[in-house]
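Taking it in order: structure first as structure tokens, then the write-up.
What follows is calculated from the coordinates using simple rules that are stated; it is not laboratory data. Since the structure is predicted, the reported quantities are computational estimates derived from the model, not experimental observations. When we count neighbours, we look across all protein chains shown, and the Cβ atoms used for this are built from the backbone with ideal geometry, even at glycine.
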Amino acid sequence: LSANNESRGALVVFEGLDRSGKTSQCGRLVSYLEGLGHSVELWRFPDRTTSVGQMISAYLTNKSQLDDHTIHLLFSANRWEKRSMMETKLKAGTTLIVDRYSYSGVAFSTAKGLDFEWCKAPEIGLIAPDLVVYLDITPEKAAERGGYGGERYEQLEFQRKVAQHYKLLKDSSWKIVDACQPLYDVEIQVKEIVLQHIIACQKGKILSSLWS
Ligand code: Z5A
């Protein structure tokens, strides 16, 4: 996707169970990087602002019913509709901090019983993250953080299955961070790991495609 030695922004993805602290950590990290003078943006999937995203949002809030395969493909389409903008931003030197990505897509749909390889297929060719920060927490501990809300998937038994399927997706781009530590301790570790990856991308680390 990019020639060697070209400075670019880093694609940093946060994954983890519901209530693992992704939103809190992404927000803190972006403020920190902005303070250091980096060009950085906070993204999240699903991106509920697009028309596909609005269909996903209606489904997640139980306002509409969709076949499991259909909603899986919509989540994927929601990433594809942002793909070229993602590439443009990264090549222009902007680091993207992304709250959930393809790993959520596969872990949640396979937890419902869909085939693992079938779930991965529509994600092939999206941009591969430079770093996946997995905020590791047990479903029981996550549930203690205020309990789950009314959205689909926010149930203990289901979150247990999601955690099992996440483990099958771990590769060399993943860093596992213990998300049960106090917020500030998690933040310190996250900052250190992310800065290393931003520097590698500034030095021209090649941009690659996911699962191809
Ligand atoms: N989904 C899918 O099926 N397919 C896909 O392709 C994608 C997603 C992309 C919507 O996600 C659902 O879509 C999601 C997966 C599925 N379903 N579930 N479950 P979402 O991103 O919109 O919603 P979410 O991930 O559930 O976000 P969340 O509830 O906001 O969780 P979070 O971002 O990980 O946590 P948080 O908001 O930062 O923190 C939660 C609480 O814990 C809050 O009160 C914090 O103050 C507290 N907290 C955070 N960190 C700590 C620490 N370290 N100690 C103590 N307390 C803490």
Worksheet item: Once amide H atoms are placed 1.01 Å from N in the peptide plane, what residues at a sequence separation of 5 or more from ASP99, or on another chain, have their amide H within under 5 Å of its amide H?
Response: PHE14, TRP43, ARG44, PHE45
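Where does each of LYS89, LYS141 land when they are ranked from fewest to most other beta-carbon atoms within 10 angstrom? Present the calculation step by step, with values, prior to reporting the outcome.
Working: LYS89 20, LYS141 14.
The most exposed by this proxy come first: LYS141, LYS89.
Between Rg and the Kirkwood Rh of the chain, both from Cα atoms, what is the Rg to Rh ratio? Please report the intermediate quantities before stating the final value.
Numbers: Rg = 16.7 Å, Rh = 17.6 Å.
Ratio of gyration radius to Kirkwood radius for the chain: 0.95.
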Discussion item. Relative contact order of the chain, please, whole-number percent, based on alpha carbon pairs below 8 angstrom and at least 6 residues apart.
Written reply: 38
Discussion item. Report the Cα centroid-to-centroid distance between the stretch 35-78 and the stretch 128-207 in angstrom, as an integer.
Written reply: 18
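Take the Cα gyration tensor of the stretch 111-212, multiply each eigenvalue by 5, square-root it, and list the three semi-axes largest first, rounded to whole angstrom.
On the way: eigenvalues 142, 99, 18 Å².
Taking √(5λ) for each eigenvalue gives 27, 22, 10 Å, largest first.
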Discussion item. In the chain, if the dipole is taken from +1 on Lys/Arg beta carbons and -1 on Asp/Glu beta carbons about the Cα centre, which of TYR103, GLN202, LEU66 is farthest to the positive end?
Written reply: GLN202
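What is the ratio of the Cα radius of gyration of the stretch 40-102 to 2.2 N^0.38 Å, where N is its residue count, to two decimals? It would help to have the intermediate numbers written out before the result.
Values: Rg = 12.8 Å, N = 63, 2.2 N^0.38 = 10.6 Å.
It is 1.21.
Using Cα pairs closer than 8 Å and at least 6 residues apart in sequence, work out the relative contact order for the stretch 14-77, in percent. Intermediate results must be reported in sequence, preceding the final value.
Working: 28 pairs, mean separation 11.8, N = 64.
Once divided by the residue count of the stretch 14-77, the mean separation gives 18 percent.
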Response to the item:
Only helices counted: for the chain, with every DSSP H run of 4 or more residues adding -39500 (n - 2.57) and the sum spread over all residues, [θ] at 222 nm is -15000 deg cm²/dmol
